[in-house]
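Below is one structure, written out as structure tokens; comments come after it.
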Amino acid sequence: MPVKKIEGLPSASEIAEEVKKEDTQLEDQTQKKSARKKLKPVLIVLAVIAVILLAVAFTKDHIFPTINGTAVITGNVTDETGAPIPADVYLVSTKLSTTADSAGNFTLSNVPSGKNELLISYKGQGVDLYVDVSTGQSYSVGSVQIRSTQIPTQ
């Protein structure tokens, strides 16, 4: 018995072709989803590595001084009369510090290379200096005078 084609409806061979196309598209979508699932952990690992590298790049001068090398900063601290004083010397944003000796001399070793902020203080008074040092360099800030801001008595 011959199959009659009804006007406006697809034939059996057209339906079979359409089903085959949809199966192929479904397989392609499944393969793409599988590839995305495999790619996701790789992207997460790359993002974590990027964050770590950025953190190191922004903090290496003070947290990882051995990456850039280190330097030495020396100097002498006096009061307003020129007398030596045993002031405290701090390298801001690090744990490095020292105290000047009785002659007012200080040496701060293992200073990270690059621009550093130095705070020299004595009895509540202080001086802030910015020092740019290079690896292996010994840098002298010279004589630093700390002036008292006390009101003189009459």
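The values are calculated or read from the model by the stated rules, or taken from the named source; none is laboratory data. Treat the numbers as computed from the prediction; the structure is a model and nothing was measured. Please note: Cβ atoms are built from the backbone with ideal geometry, for glycine as well, and neighbour counts cover all protein chains shown.
Odds and ends about this structure:
- Filter pass, residue 50 being at pLDDT 80 or above, within 30 Å of residue 135 (Cβ to Cβ), exposed (fewer than 11 other Cβ atoms within 10 Å of the Cβ) and not assigned by TED's automatic domain parsing to the domain that holds residue 102: yes
- Output for the range 99-135, where each listed residue is under 26 Å from the mean Cα position of the chain (by Cα) and among the polar types (S, T, N, Q): 109, 110, 113, 116, 134, 135
- Hey, residue 116 assigned by TED's automatic domain parsing to the domain that holds residue 136, free of Cβ contacts under 8 Å to residues at least 60 places away in the same chain and surrounded by fewer than 16 Cβ atoms within 10 Å (Cβ to Cβ) or not: no
- When residues of the range 136-153 are limited to those that are surrounded by 13 or more Cβ atoms within 10 Å (Cβ to Cβ) and farther than 16 Å from residue 85 by Cβ, the one nearest to the chain's Cα centre (by Cα): 137
- Test result for residue 109, under 17 Å from residue 74 (Cβ atoms) and in contact with a helix residue (DSSP H, G or I) (Cβ under 6 Å, 6 or more places away or on another chain): no
- Every condition in (1) at pLDDT 90 or above; (2) farther than 15 Å from residue 138 by Cβ; (3) of a type in the set (A, V, I, L, M) holds for residue 67 except the one numbered (1).
- Of the set (1) in contact with a helix residue (DSSP H, G or I) (Cβ under 7 Å, 6 or more places away or on another chain); (2) modelled with pLDDT of 85 or more; (3) of a type outside the set (A, V, I, L, M), all apply to residue 88 but (1).
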